[in-house]
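Structure, as structure tokens:
The values are calculated or read from the model by the stated rules, or taken from the named source; none is laboratory data. For clarity, every value in this text was computed on a predicted model and none was experimentally measured. Positions of Cβ are backbone-derived with ideal geometry, glycine not excepted, and every protein chain shown enters the neighbour counts.
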Amino acid sequence: MVFRGLGNVLKKERHLYHKLVDVYFQRKAWIDGVTHVDWILKTLGPNLKSAVDHFLPNASTSVKERVLQYYICDNLSAHTSRETRTTLSKYHTKPWFLPQRPRTTARL
């Protein structure tokens, strides 16, 4: 979940967030490049690794490292950046971009 602001919230408020919900702060509450990479590292990436471990529990590490996953995203600059591609590659994941048509995301 991305909130507007810089994260200057009281500790007692932070304890109210559910432990399974990752909370991020961004000045305007949108996913910019920095927030997106941070989200991949802290939220998406560990879940990608867990998915491979879940579906291939008895596979060797070398087999698991050859599994390729795709991350479906639109053409937002945060998704198309070099930093995003590099970070996704650490999890053996490639971005798969939706067509560049007006309102493609809205149609899904």
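The table for this structure:
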quantity	calculated
Filter result (farther than 21 Å from HIS79 by Cα and outside the structural domain of ARG85 (by TED's automatic domain parsing)) within the stretch 16-65	LEU16, TYR17, HIS18, LYS19, LEU20, VAL21
Hits in the stretch 38-76 - residues which are under 24 Å from VAL2 (Cα atoms) and either without any contact (Cβ under 8 Å) to a residue 12 or more places away in the chain or touching a helix residue (DSSP H, G or I) at 6+ places or on another chain (Cβ under 7 Å) (or both)	ILE40, LEU41, PRO46, ASN47, SER50, TYR71, CYS73, ASP74
Lone unmet requirement of (1) among the aliphatic types (A, V, I, L, M); (2) in contact with a His (Cβ under 9 Å, 6 or more places away or on another chain); (3) surrounded by 11 or more Cβ atoms within 10 Å (Cβ to Cβ) for LEU68	(3)
Qualifying residue in the stretch 82-92 (condition: surrounded by 16 or more Cβ atoms within 10 Å (Cβ to Cβ), aromatic (Phe, Trp, Tyr), in a loop (DSSP other than H, G, I, E, B) and touching a residue at least 12 places away in the same chain (Cβ under 8 Å))	yes
2 or more residues of a type in the set (Val, Ile, Thr): qualifying helices (runs of 4 or more DSSP H) within the stretch 1-76	33-39, 61-66
Hey, PRO102 in a loop (DSSP other than H, G, I, E, B) and at pLDDT below 90 or not	yes
